[in-house]
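Shown next, in structure tokens, is the structure this report addresses.
Just so it is clear, none of the values below were taken in a lab; they were calculated from the coordinates. In this text the structure is predicted, and so the values were computed from the model without any measurement. Glycine gets a Cβ as well: all are built from the backbone with ideal geometry, and neighbour counts include every protein chain shown.
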Amino acid sequence: MQPDQIDSFLDLVETRSFNRTAERQGLTQSTVSGRIFALENSLGARLFTRSRAGTELTTEGLKFAPHARALRHAWAAAKHSVTPTGESVINIRLGIQSDLAPNHLGDWMQGFRHHLPDCAFYIEPDFSAQMCRDLTSGASDFAVLYTPHASPDLNFTSLGETRYRLISSETDRRAGLRPESYIRANFAPAFDAHHRAALPELQETPIAAGQSATIAGLLTKLGGSAYLLDVIAEELIATGKFNAVTDAPVIHQPVHAATHLRNRTSKLHRQLLRVVQQTFAAR
């Protein structure tokens, strides 16, 4: 049994399509089929059935799926354990929502370094879906994200909320907003739902983006209106070139810490969570 066989099996569980799994993994369909065939031979059981309706798990496949996820996570942890870390005892891989990194990461790292001096850290700003996949596979140890993606392998803890405010170089009232100069922000599904309910007239715009730093750069260069993290909005308002749109709602975005279910009670992961909780609350 090889790790690549487990990877193809778990991807096929998700896609239910040999073609789609081959595309996602950058392989030929025959390679994927060969991996699944070899895995079935090593287990002595058929894991999938194919029909015109698609590819479905057999009863044996359903039973094997949770073990496959555990095997993938264990293999990632095993590789991680022998990765060189210099003088550090443990190497921790952290994911953080891209929009949170500029304003929170410094405080968190200060706390991590104080409480976990023997650890080395690799930090990767990303978006929620990818961070959840990385946690599930074992490619990441801990993440702070906006959107929990349901998985039997992940544990989520609510940290609170962050706030987004609408600012404009053209107006301080909602009636003055122009769709042609509006930059449509879409940071997460929860944010998008609030935005659609609050400003249904501003859904179709020429420019859209999913990161406050990117939107701030566009506003500075082009002018216009957009939602930004409140701290970045305040910085732009302080330049005198932008106004708060006072009758537009502040949009609150929930924030969560996430880790693999197997790590939720470990001392190291509890310490990571405490640091994030304390510094996030202090903000």
Task: Using θ = phi - 60° and Karplus 6.51 cos²θ - 1.76 cosθ + 1.60, couplings along segment 58-65 (whole Hz; Gly, Pro as x) - done: 7, 4, 5, x, 4, 5, 6, 3
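Rg/Rh for segment 162-253: what does it come to with C-alpha atoms and Rh from Kirkwood?
Details: Rg = 11.4 Å, Rh = 12.7 Å.
In segment 162-253, Rg relative to Rh is 0.90.
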Open item on the list: Please compute the modelled spin-label separation between Arg178 and Asp4, points set 7 Å along Cα→Cβ, answer in nm with one decimal.
Closed with: 5.6 nm
Open item on the list: So if I take the centroid of the Cα atoms in segment 1-76 and the same for segment 192-271, what is the distance between those two points in Å?
Closed with: 38 Å
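What are the trypsin sites (Lys or Arg not before Pro) within segment 103-211 that DSSP puts in a loop, where the Cβ has at most 14 other Cβ atoms within 10 Å?
Details: sites: Arg113, Arg133, Arg163, Arg165, Arg173, Arg174, Arg184, Arg196; in loops: Arg173.
Of the trypsin sites (Lys or Arg not before Pro), the ones in loops of segment 103-211 whose Cβ has at most 14 other Cβ atoms within 10 Å are Arg173.
Which three semi-axes in whole Å describe the equivalent ellipsoid of segment 3-81, each the square root of 5 times a Cα gyration tensor eigenvalue, listed largest first? Provide the component values of the computation, followed by the final result.
Numbers: eigenvalues 82, 46, 24 Å².
Here the semi-axes work out to 20, 15, 11 Å.
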Open item on the list: For the pair Asp247/Met109, report the inter-label distance in nm, with labels modelled 7 Å from Cα in the Cβ direction.
Closed with: 4.4 nm
Task: Pair-distance profile P(r), taking every C-alpha pair of segment 138-193, with 10 angstrom steps and integer % - done: 15, 36, 24, 16, 8
Task: ³J(HN,Hα) computed for each position of segment 195-202 - Karplus, 6.51 cos²θ - 1.76 cosθ + 1.60, integer Hz, glycine/proline x - done: 5, 4, 6, 7, 10, x, 7, 10
TODO: Taking the chain as the reference, fit the longest principal axis to its C-alpha atoms, fit the long axis of helix 267-282 to the helix C-alpha atoms, and give the angle between the two in degrees, 0 to 90, nearest 10.
DONE: 10 degrees
Open item on the list: Using each residue's phi in segment 251-265, evaluate 6.51 cos²θ - 1.76 cosθ + 1.60 at θ = phi - 60° and report the 3J(HN,Hα) Karplus result to the nearest Hz, with x for Gly and Pro.
Closed with: 9, 9, 10, x, 10, 9, 9, 9, 8, 5, 4, 5, 9, 5, 9
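At 222 nm, what value in deg cm²/dmol follows for the chain if DSSP H runs of at least 4 each add -39500 (n - 2.57) and the sum is divided by all its residues, to the nearest 500? Spell out each step's value before the answer.
Values: 10 runs with 130 residues, N = 283.
Mean residue ellipticity, 222 nm, calculated: -14500 deg cm²/dmol.
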Task: Environment charge of Gly224, counting only residues whose C-beta is closer than 13 Å and scoring Lys/Arg +1, Asp/Glu -1 - done: +2
- [ ] Give the cross-link partners of Lys241 among the aspartates and glutamates, using a straight C-alpha distance below 15 Å as the criterion and excluding same-chain residues fewer than 8 apart.
- [x] Glu170, Asp172
TODO: Please list the radius of gyration and Dmax for the chain, considering alpha-carbon atoms only, with Å as the unit.
DONE: 22.7, 71
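Hey, what did the chain get for relative contact order, percent, Cα under 8 Å, at least 6 apart?
19 percent
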